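A quick write-up on the structure given underneath.
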Amino acid sequence: MSARSTTFVARVREVVDMIDGAFAAAVAVEGGHRPSPVALRKLGLPRTSFDGVRLR
């Protein structure tokens with residue numbers, strides 16, 4: 001793997017970790033339940049989860 005692609009993969013992992021942390025924070029705010037679309041929107045996250053299942 002070239003240095004350029006290694007850097008890209010590292011950056012993608014960093015962004016995914018950041019989104020995952022924000023999603024976990026939204027879940028914690030909602031009391032352990034899946035966050036509402038409004039809570040996700042306030043955090044700037046999409047309304048879909050990572051597995052592609054739409055949140056209700």
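The values are calculated or read from the model by the stated rules, or taken from the named source; none is laboratory data. Small disclaimer: the values here were computed from a predicted structure and weren't measured. Positions of Cβ are backbone-derived with ideal geometry, glycine not excepted, and every protein chain shown enters the neighbour counts.
The table for this structure:
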| item | result |
| --- | --- |
| From G52, G44, G21, residue being modelled with pLDDT of 75 or more and within 13 Å of the chain's Cα centre (by Cα) | G21 |
| Near pairs, Cβ below 6 angstrom, 6+ apart or cross-chain, from segment 1-25 (among the hydroxyl-bearing types (S, T, Y) and surrounded by 11 or more Cβ atoms within 10 Å (Cβ to Cβ)) to any residue that is at pLDDT 80 or above and in a helix (DSSP H, G or I) | none |
